[in-house]
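Below: the structure, in structure tokens.
The values are calculated or read from the model by the stated rules, or taken from the named source; none is laboratory data. None of the values given here were measured: they were computed from a predicted structure. Cβ sites come from the backbone with ideal geometry, for glycine too, and all protein chains shown count toward neighbours. For the accessible areas, the whole protein counts, side chains as well, though only heavy atoms, and no ligand, DNA or RNA atoms are used. Shrake-Rupley method; radii C 1.70, N 1.55, O 1.52, S 1.80 Å.
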Amino acid sequence: MRIGLIGTGRIGSFHAGVLSRHRDVGSLVVADTDAGRAAEVAERTGATAAPGPDEIFTWGVDAVVIASATAAHAELIARSARAGLPTFCEKPIALDLPGTLAALSEVESAGTLLQLGFMRRFDAGYTAARELVRSGRLGRLHTVRAVTSDPAPPPAAYLPLSGGLYRDCLVHDFDILRWVTGREVVEVYAYGSDAGPEMFREAGDVDTAAVLLTLDDGTLATATATRCNGAGYDVRMELAGELDQVAVGLDDRTPITSTEPQGPPRADKPWPGFLERFAPAYEAELDAFVRAAREEADNPCDGREALTALRIAEACELSRRERRPVRLEEIPGA
């Protein structure tokens, strides 16, 4: 296959390395609005650098991987669909519901494949938890707790472009909650704090958030996130049932210290960031995309999954603003 990769920032550069090593990718073309950055990535990975993103659609590729700035996702998805190309895109499709729905309409009209980058679906721990829940080993699930904590805030310039903590960060928890449990969120009650660095208040965002989510079978879930977790990158999920409970993301690199005399020792090498923590999952999702694009497997995470996660994030924003529970049926796009 000949794959075109648009965007060669941190995640795009990582994807370029993965794709350049893939057994079924015969050639890789990379492009970026910063042509120099694309050239550097091409030299490092053995890819071909295109002058810009436009050439991806004129140089004859078999599939497209989008890792560009978020604002460009929807337009690039639409261009790929109109070109009849299978497409992988990092989340989100767009930062708002109208943009997301418009891009999905283009994909559905073209009948092309669109896979979204929710990498936690390919993580070994989350996969095992899903199997345990579905097998009944935990019994009736009554409580789920999800945690996402970044070790340090992003650059101030990123915040106004991110969509906010619910859409940018917690959206992963919303997606994986549905995927692991097999249930739908029917109501949320969200709260956020901007008591951290001033740049969050200036951007109208929060640096820490907590959400109570009610699932359609009555299971209660909490999801918390922060941009200011100095101990390290911490992503976990606890699932408690009437028969047993399990934890995802609990290992010797989890950045948490027990205060118990007989507790486990503090992690020597806590996870520094998402690429290190989820590197195998990122590789697995791209492998799944290549197989789906070759029509050897089904799409493991289509665009409608991203729409559902975004609707939950939108409900959280509404709940935070109005300080009330919000039913998902209040959010358009179902």
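Can you name every residue in segment 193-202 that is surrounded by fewer than 23 Cβ atoms within 10 Å (Cβ to Cβ) and either touching a residue at least 40 places away in the same chain (Cβ under 8 Å) or in contact with a Lys or Arg (Cβ under 7 Å, 6 or more places away or on another chain) (or both)?
Matches in segment 193-202: 194, 196, 197, 199, 202.
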Cβ-Cβ under 8 Å, sequence separation 6+ or interchain: first residue in segment 275-291 and under 9 Å from residue 119 (Cα atoms) and at pLDDT 95 or above, partner of a type in the set (Gly, Ala, Ser) and open to solvent by less than 10 Å² (accessible area, probe 1.4 Å). Which pairs? 285/117
Go through (1) at negative phi; (2) surrounded by 17 or more Cβ atoms within 10 Å (Cβ to Cβ) and name the single condition residue 36 misses. (2)
Restricting segment 308-326 to residues that are surrounded by fewer than 13 Cβ atoms within 10 Å (Cβ to Cβ) and of a type outside the set (Asp, Glu), the one nearest to residue 188 (Cα to Cα) turns out to be 324
Report yes if residue 69 is surrounded by fewer than 22 Cβ atoms within 10 Å (Cβ to Cβ) and in contact (Cβ under 8 Å) with a residue 60 or more places away in the chain, otherwise no. yes
I'd like to check something: does segment 46-62 contain any residue that is open to solvent by 10 Å² or more (accessible area, probe 1.4 Å), assigned to a helix (DSSP H, G or I), modelled with pLDDT of 95 or more and small (Gly, Ala, Ser)? no
Those residues of segment 272-301 which are part of a loop (DSSP other than H, G, I, E, B) and closer than 15 Å to residue 121 by Cβ amount to 278, 297, 298, 299, 300, 301
Are any residues in segment 63-90 of a type in the set (A, V, I, L, M, F, W, C), part of a strand (DSSP E or B) and within 19 Å of the chain's Cα centre (by Cα), and if so, which ones? 64, 65, 66, 88, 89
